[in-house]
Amino acid sequence: MNLQDFQIISLKNFYDPIERAKRIIDINYDLFFPMYTGYSFPIKIDDTQFFSKLYDKFLKTSLEIFGELDIYPDNRYYCWGYRSNKDDSKENLFHNHSETSIINGVYYLEVCDAGISFVKDRKRYDYLPENGELLIFPATLDHAPQVNRLPNYRYSVNMEIVTKESIPQLFGRVF
């Protein structure tokens, strides 16, 4: 099994992180984490515009990959942060983004040897992305961040695009 079998697009060295990006995620974690389930939370405070520029590049790249997109007016043009380390002891549950998007992207700011697992047709694929890598995949693909067993934080960023086109229409252009 490989990424293409799951309709996953990998873009290494997608965006150059700035050192302050992890601190911005930490600030948003402190503000929003208790309000959300799991470890994801919105990035709403960003004095560097790193995350809005990251989303803009994700959108532009998606247009280059899939061609013209008919984006819903209520598409949310922002990022969701994810942070975990060995102190976050619960296993992450498999989930998908089928209720909130068509195209899903995960940008890996800092991996710390904890990757991501995908499940499709009862087959599991574990993948360890690189720092700075972006994965783009269908919103219906079940996935779960792997548990980080290290003291350092793992940082990733989720982004979504809601289109009027269906997943088969868009991903059929590529796979």
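Data overview
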quantity: Cα-based shape type of the range 127-171, given that a ≥ b ≥ c are square roots of the gyration tensor eigenvalues and the cut on a/c is 1.5; calculated: prolate
quantity: Directionally averaged projected area (convex hull, Cα atoms, the chain), nm²; calculated: 9.7
quantity: With at most 15 other Cβ atoms within 10 Å, longest stretch of the chain clear of loop GluC sites (Glu not before Pro) (DSSP); calculated: 20-67
quantity: Mean Cα-pair separation over length for the chain, i.e. relative contact order, pairs under 8 Å, 6 or more apart, %; calculated: 32
quantity: Sulfur and carbon atoms: percent of accessible area, the chain [1.4 Å]; calculated: 49
quantity: Of G105, T140, T163, farthest towards positive along the dipole that unit charges on Lys, Arg, Asp, Glu beta carbons give the range 73-175; calculated: T140
quantity: Probe 1.4 Å, accessible area per residue of the range 35-175, Å²; calculated: 50
quantity: Residue among Y77, N13, P151 farthest towards the positive dipole end of the chain, charges placed on Cβ; calculated: P151
quantity: Computed magnitude of the charge dipole of the chain (debye, nearest 20; Cβ of K, R +1, Cβ of D, E -1); calculated: 200
quantity: Radius 13 Å from Cβ of T100, net charge of other residues (Lys, Arg +1; Asp, Glu -1); calculated: -2
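The values are calculated or read from the model by the stated rules, or taken from the named source; none is laboratory data. Note that the coordinates shown come from a computational prediction; the quantities given were computed from them, not determined experimentally. Positions of Cβ are generated from backbone atoms using ideal geometry, with glycine treated the same way; all protein chains shown enter the neighbour counts. Each accessible area value is taken on the protein alone, full model and side chains, heavy atoms only, with ligands, DNA and RNA left out. Shrake-Rupley method; radii C 1.70, N 1.55, O 1.52, S 1.80 Å.
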